[in-house]
Structure formats: structure tokens, C-alpha cells
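Written out below as C-alpha cells is the structure these notes cover.
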Amino acid sequence: MDNLIYPNVIFGEGVVIEPPSIIGKPPRGAEPGQFSLTIGNGTRIRPFSTIYAGTEIGDNVQTGQGVTIREDNKIGNDVSIGSNSVLEFGNRIGNNTRIHSNCFLEMVTLGNFVFVGPHVTFTDDPHPMGCPRYRECKKGAIVEDFARIGANSTILPGVRIGRNSLVGAGSVVTRDVPENSVVVGNPATVVKMIDDLRCQPGFFDRPYRWPPYERE
């Protein structure tokens, strides 16, 4: 099977699109080629992915299989997006960030060097469905640089996850997370600070004694 490439797709050098993928699909109500799609140098899109027009993708981005990236996404350099993840509209993804498999994001801002574990869901609507004032209050989460979010976590609308923080696996984040803190549970609460963590095998005095975290 071949790729379906719509008009007005701008490819950088060394881009690889593995078939079958759909690249530059027009958003709802738009004509083919009405909006551009930019894909940066060295990016690889793996099979069964769909990327909509109206999005900007940086250099050296990697996707797994079956990824969907909607319109109005801006994705930085050296980003990894795992298989079957869905980036709905309005996301802003920083450099060197990893989004693992089966994640869902909408109107989310991720900083640089952020890690999002498998099956993490970000929400943007505080009270679905059908509220007549929906567009006035919907908003996505903000995740600051170096933050890490464990697998199967749910992030509620509008929360801010602070710089260099850690969200434990399976947590439900309902309020802002302070920087350099560790939160777990439903609802997620602060249980310790990053500096209080210990390396269980004893290889380091505490975790994150390696790049890029050692700059903290």
C-alpha cells in the first residue's frame, strides 16, 4: 500500500514516511492544500499514521505505528511519539520530549525533556458534554521542563505540573503539582520531594543523577 500525501506538505531533508500513512489530511471543513503541513529534517513517520494539515513538526521526530496528529499542533525537535497515541488539536510540545504509547493529549503544553508514560490521558473539558459555555472554560494542562508522568495517569484540565516533578503511575492529578515534588494517588498528593528519592539498587545516591537531570 502507498502513502496518501495531500498538497501543501513541506518536507525537510531525510524525511521517511513509512506506508501506509496519510500525510497532510485537511481538517474538517477545509479544502485539500488549504493549510500547510511542515515536517522537519530527519523525521520518521511509521506506518498507519495520520497527520493533519495545519501542524508544524520539528527535526528528528519519531513516531510509532498508528499515531494520529491533528491540526494546530506544534512539535519541537527530537521528540518521540509512541504507537497509537493521539494528539488532538492545540498541543505545544517542547524539544527532547517523549510521549509513550497509547497517550491522549488535547490543548496540552509540554516543556523540554518531559517524559509521558504509556496510557497517560490529558483532559481539557471540566464538565463534558454539551455545556453552552464550553469554549470559554476548556483548557489543557501545562507540564514544565524535566517533569515525568508515570503510566496510566490522568491529568485534569488546566493543571500545571511543575518543573522537575514526578507523577507516580496511576495517579489522577486534580490540582497543580509543585516543582521538584513527587505526587501519587487519586487525587494525587505530594508525598516527598525529588531530592528525597533513593536509588533502590544503590547505583546512585538518588535517581536522576544523569543527563539531562544532573543540570538541575
Looking at region 137-151 only, could you name the residues that are modelled with pLDDT of 95 or more and either exposed (fewer than 15 other Cβ atoms within 10 Å of the Cβ) or of a type in the set (Phe, Trp, Tyr) (or both)? Phe146
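On the phi < 0 side of the Ramachandran plot and either touching a Ser or Thr at 6+ places or on another chain (Cβ under 7 Å) or part of a loop (DSSP other than H, G, I, E, B) (or both): is that true of Gly140 in this structure?
Considered against the rule, which asks whether it is on the phi < 0 side of the Ramachandran plot and either touching a Ser or Thr at 6+ places or on another chain (Cβ under 7 Å) or part of a loop (DSSP other than H, G, I, E, B) (or both), Gly140 comes out as yes.
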Residues of region 153-170 satisfying the condition of being within 27 Å of Arg135 (Cα to Cα), at pLDDT 95 or above and out of contact with any Pro (no Cβ under 7 Å at 6 or more places or on another chain): Ser153, Thr154, Ile155, Leu156, Val159, Arg160, Ile161
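If you go through region 110-136 one residue at a time, how many are assigned to a loop (DSSP other than H, G, I, E, B) and surrounded by 13 or more Cβ atoms within 10 Å (Cβ to Cβ)?
The qualifying residues number 13.
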Mind listing whichever residues of region 157-176 are in a loop (DSSP other than H, G, I, E, B) and of a type in the set (A, V, I, L, M)? Val159, Ala169
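Assess whether Tyr213 counts as being of a type in the set (Ser, Thr, Tyr) and in contact with a Phe, Trp or Tyr (Cβ under 7 Å, 6 or more places away or on another chain).
When the stated conditions are applied, Tyr213 passes them.
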In region 13-37, what residues are assigned to a loop (DSSP other than H, G, I, E, B) and within 22 Å of the chain's Cα centre (by Cα)? Val15, Glu18, Ser21, Pro26, Pro27, Ser36
Working only within region 181-201, note down all residues that are part of a loop (DSSP other than H, G, I, E, B) and surrounded by 15 or more Cβ atoms within 10 Å (Cβ to Cβ). Ala188, Leu197
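The values are calculated or read from the model by the stated rules, or taken from the named source; none is laboratory data. In this text, all values refer to a predicted model and were calculated from it rather than measured experimentally. Ideal geometry is used to build each Cβ from the backbone, glycine not excepted, and the neighbour counts take in all protein chains shown.
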